[in-house]
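Where a number appears in this text, it was derived from the coordinates with a stated rule and is not lab data. Only a predicted model underlies this, so the values are computations on that prediction, with no experimental measurement involved. Cβ sites come from the backbone with ideal geometry, for glycine too, and all protein chains shown count toward neighbours.
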Amino acid sequence: MTHTASTTSAERDAMERALLLARVHGVPGPNPRVGCVLLAPDGAVLAEGYHRGAGTPHAEVDALSRAAAAGAEVRGATAVVTLEPCNHTGRTGPCAQALLAAGVARVVVGQADPNPLAAGGATTLREADVEVVEGVLAGEAAQLNRAWTFAVTHGRPFVTWKFATTLDGRSAAADGTSRWISSPAARRDTHRLRGECDVMLVGTGTIVTDDPLLTVRDADDQPLPVQPLRVVMGERDLPGDARVLGPDAETLHLRTRSPREALEALHAREARHVFLEGGPTLAAAFVADGFVDEVVVYVAPLLLGAGRNAVADLGITTITDALHLRVVDAGVVGEGDETNVRLVLRPPTR
Ligand code: AOF
Ligand code: ZN
């Protein structure tokens, strides 16, 4: 639902800008990506703000403090914010109160806050006679925080399962080697997607066969400053010299084979978006339990003719029982010899 009639063009431009700020400066983790632009009554921009991750000021408070630092008059101003201002004291104080205290007269909101702990800011503001317009570019705002929104409404992290495959559906050769199925361009693309998640998840089997580092690296193979939590699931001990136990990022070994238990433990740590990268057994367990919310597949122009599937036996013996996925994106990654096809799919209910 959009309210184009009840907003000015300056406000709609400000919402586009706030969404861009949230997208560029937001980080994966417990909190959503949020941007805020403060407008004078004539539509001029007074200040901008954004949220930089859990424990730091919310976007509204960031914009208010920058306005104060610039000596701008905020009384009577309009706050344009991508997410409904919060109404609670979490790691920081309630933004609805901060906007009221600053004398903001009007608030234009993108997405309503889906987090039951923090929602209610729009009502609080209206009760204090602030004009509130909701649902402006709400679809874009919700898309920006898609995984976070899923996690706070479903009580578990959103799960993206990524795998690479040959043309004949093999994700490892007969000897178990699997590292170089996708092209370097596809692997760089994978690092970009890893960087949008706060957990990298694999099984103990993957650690033993592939010994992956599981960090997020840039095009020059350098680690990014903020790394997702590396999580290894399974009852087996990890080899003492496994690269995942090195100092490059934090690692958690969950000694369970149950996806539900693992997701509960990760939700308790406020994880919002899990990147599941492996092993056919672990993938099958997540698929079978209905815990895969998105699938990203890189198809390489290779044939193996034998080897391991991306996913272990799901107990399906006849075609009418096949699991159906919806293709939401299909495209090419890389050029020339590095060309791979990338598919993004979702289960019908997501
Ligand atoms: C943010 N940034 O700019 C806004 C948020 O624990 P706290 O105090 O950081 O509160 C987090 C909640 O506040 C979050 O789940 C969301 O519902 C709400 N709004 N959060 O991290 C922001 N405006
Ligand atoms: Zn807030």
Query raised in the report: Looking at (1) within 19 Å of Leu21 (Cβ to Cβ); (2) in contact with a Ser or Thr (Cβ under 8 Å, 6 or more places away or on another chain), can you tell me which one Val80 breaks?
Result: (2)
Query raised in the report: How about region 212-258: which of its residues are loosely packed, with under 14 Cβ neighbours inside 10 Å and either among the acidic types (Asp, Glu) or under 18 Å from the mean Cα position of the chain (by Cα) (or both)?
Result: Asp218, Asp220, Asp221, Pro225, Val226, Glu235, Asp237, Asp241, Glu250
Requested in this report: Give the residue, chosen from Gly155, Gly203, Gly240, that is among the small types (Gly, Ala, Ser) and touching a Gly at 6+ places or on another chain (Cβ under 8 Å).
Outcome: Gly203
Requested in this report: Give Thr56, Thr8 a once-over and let me know the one that is surrounded by fewer than 24 Cβ atoms within 10 Å (Cβ to Cβ), hydroxyl-bearing (Ser, Thr, Tyr), more than 17 Å from Ala141 (Cα to Cα) and within 16 Å of ligand 2 (Cβ to nearest atom).
Outcome: Thr56
Query raised in the report: How many of the residues in region 28-53 are touching a residue at least 60 places away in the same chain (Cβ under 8 Å), away from ligand 2 (no atom under 15 Å from the Cβ) and closer than 19 Å to Glu140 by Cβ?
Result: 1
Query raised in the report: Using beta carbons and a limit of 9 Å, which pairs, at least six apart or on different chains, have the first residue in region 321-342 and under 15 Å from Pro184 (Cβ atoms) and the second one surrounded by 10 or more Cβ atoms within 10 Å (Cβ to Cβ) and of a type in the set (Asp, Glu)?
Result: Val333/Asp189; Gly334/Asp189; Asn340/Asp189; Arg342/Asp189; Arg342/Asp329
Query - Of all residues in region 81-111 being assigned to a loop (DSSP other than H, G, I, E, B) and either of a type in the set (Ser, Thr, Tyr) or more than 10 Å from ligand 1 (Cβ to nearest atom) (or both), the one that is surrounded by the most Cβ atoms within 10 Å (Cβ to Cβ) - result: Val104
Requested in this report: Report, by residue number, each residue of region 213-225 that is in a loop (DSSP other than H, G, I, E, B) and out of contact with any Gly (no Cβ under 8 Å at 6 or more places or on another chain).
Outcome: Leu214, Thr215, Asp218, Ala219, Asp220, Asp221, Gln222, Pro225
Report summary line: The condition of being within 30 Å of Pro41 (Cα to Cα) and touching a residue at least 60 places away in the same chain (Cβ under 8 Å) holds, among Gly135, Gly121, Gly195, Gly176, only for Gly135
Query raised in the report: Failed condition for Thr256, given (1) part of a loop (DSSP other than H, G, I, E, B); (2) touching a residue at least 24 places away in the same chain (Cβ under 8 Å), with all others met?
Result: (2)
Report summary line: Within region 18-27, residues farther than 19 Å from Ala68 by Cα and touching a residue at least 40 places away in the same chain (Cβ under 8 Å) come out as Leu19, Ala22, Arg23, Gly26, Val27
Query - Matching residues, region 120-132, being more than 9 Å from ligand 2 (Cβ to nearest atom) and buried (at least 17 other Cβ atoms within 10 Å of the Cβ) - result: Gly120, Ala122, Thr124, Leu125, Val130, Val132
Query raised in the report: When you go through (1) under 20 Å from the mean Cα position of the chain (by Cα); (2) not in a helix (DSSP H, G or I) one by one for Leu20, which number turns out not to apply?
Result: (2)
Query raised in the report: For Arg91, all conditions in the list (1) more than 18 Å from Ser6 (Cα to Cα); (2) basic (Lys, Arg); (3) away from ligand 2 (no atom under 12 Å from the Cβ) hold save one; what is the number of the exception?
Result: (3)
Query - Qualifying residues in region 158-171 (those that are under 20 Å from Ala288 (Cβ atoms) and among the hydrophobic types (A, V, I, L, M, F, W, C)) - the one farthest from the chain's Cα centre (by Cα) - result: Phe163
Query raised in the report: Is it the case that some residue within region 144-156 is free of Cβ contacts under 8 Å to residues at least 12 places away in the same chain, out of contact with any strand residue (DSSP E or B) (no Cβ under 7 Å at 6 or more places or on another chain) and either closer than 25 Å to Thr8 by Cβ or within 15 Å of ligand 2 (Cβ to nearest atom) (or both)?
Result: no
Report task. Go through the residues of region 195-212 one by one and say whether even a single one is under 19 Å from Leu304 (Cα atoms) and either in a loop (DSSP other than H, G, I, E, B) or hydroxyl-bearing (Ser, Thr, Tyr) (or both). Result -> yes
